[in-house]
Each structure stands twice: as structure tokens, then as C-alpha cells.
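Here's the structure we're looking at; comments come further down.
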Amino acid sequence: MTTSSTHTQPTDGATLRVVTVIGADGRSGIHDNQLGPRVYYYRHIPGMATSILWATTADAVLPEGFVDPVPSLASLHPSPGGSVFMTLTLPPDALFATPGFDFAAAALEQAQQAPGLAELFEPAAPGFHTTETVDYVTVLDGEVWLETDTQEVRLGLHDSVVQNGTRHAWRNKSSKPATLSVVLVGVHRQPVTARD
């Protein structure tokens, strides 16, 4: 027999997280049906928010019962074979040009809320970073621009990107926040030999 599960839909843009589980009897069910345990609205970057939804390690196995990896997650940059699933809301880039924007406070907050990723951002090239990951990114709301060393592309609602460990930056040139769904998969990097 199947029973229905009810939930209260978030009203502030937060992401509802539903997690299935394999019970002791081998039957499937729904264990978690609420907001994720790590939803954060940035104080020093108004309009920016993250919701860490799940993570796996390289040796992950399907558990009997429910073990939530998110509360104890030490790094948002997964090791090879691991993954991190999250949503990210980016405010318009114009925010960073407003008088009084405190870059030092924003950087400290980013370091606290995005360990493993924040330290990969390049101080001399704001926004640019390189991760040892393949990222699956889909635009859930708004529009963003993906910038690489040589090109830039605009992404709208439901557009997707496979980000193959390249140096890149996300830009929001619009007047509204943009929300992305992101899955980071940790990989090994092979040295690149420059070609003539």
C-alpha cells in the first residue's frame, strides 16, 4: 500500500528536498520531505543564497535506513568519485558596484559558507575559479552568463551546461537574481600539453 506524503511548499525561494530510503524490509519509501539542512542567505551579498542538498563519496553505497551527509559535509569540493548537489542563487552583478559594498566581509562570508570552493576563486580575476570537477548545471530561474578564457555564453531558463573542469566565472548581467541547480562530480585531472 502506498501512502501520500504532504509538505509545506517553501515561500522564500528555498528548495524543498525529498530523499528516498530503502527500509529494513527492502521496500522503498520517503524519509525526508522538508527544507535541506544547509540553506543559507548571504548577509554581505544580498540576493545570494545556497542550499546544499546532498553529497556522496567515492565509496558510497546504498544504505539501509537514512544517513544525511549534508550537516557534516566539510568541503563543497568533492573528492574524485564523490559528488555535491546544491542550488545557488546569484544576485545581479550590479550589486558589487554599489557604494559601500564590503568585499572583505563578503569574501569572509563566502569562505565560511563555501569551504573547499571559496579558496579556489582568483583574487586578481573576480569570479574566476577552476575546480577538479565535472559540473552539471541547469538554470532554474533567471539568466546567467558563463565566461571562459576565450568565450562567453548566455544561459536562460532550463538551459544546461556541462562544465569540464575549466577556468570559468558565472556572471549575472540581468537585473534579477538567477538560480542554478548544480551537481559537482569530483574527478582526477590529467595534465594538459599545449599544442602549437
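When the chain is modelled as a GNM with alpha-carbon springs shorter than 10 Å, which of PHE85, PHE103, PHE128 fluctuates the most?
Highest fluctuation among the options: PHE103.
Pairing the Cα long axis of helix 103-113 with the longest principal axis of the chain, what angle in degrees results, from 0 to 90 and rounded to the nearest 10?
20 degrees
Which far-off residues, 5 or more places away or on another chain, put their amide H under 5 Å from the one on LEU35, with H placed in the peptide plane?
Residues meeting the amide H criterion: ARG17.
From the list [x] 138; [y] 196; [z] 151, can you say which value of volume of the Cα convex hull per residue in Å³ was derived from the structure given?
Computed from these coordinates, volume of the Cα convex hull per residue in Å³ corresponds to label [z].
Tell me whether the range 21-77 comes out rounded, prolate or oblate; compute the Cα gyration tensor, take square roots of the eigenvalues as a ≥ b ≥ c, and use a/c under 1.5 as the rounded threshold. Can you show the working numbers first?
Details: a/c = 4.17, a/b = 1.97, b/c = 2.11.
Since a/c reaches 1.5 but b/c is at least a/b, the shape of the range 21-77 is classed as oblate.
Among SER160, SER28, SER175, which one moves the most in a GNM of the chain with springs linking Cα atoms closer than 10 Å?
SER28
Classify the range 131-196 from the C-alpha gyration tensor, please: rounded if a/c falls under 1.5, else prolate or oblate depending on whether a/b exceeds b/c.
Working: a/c = 3.05, a/b = 1.66, b/c = 1.84.
Oblate, because a/c is 1.5 or more while a/b does not exceed b/c.
Taken together, the values in this text are just the output of simple stated rules run on the coordinates, not laboratory data. Quick caveat, the model's predicted, so the values are computed rather than measured.
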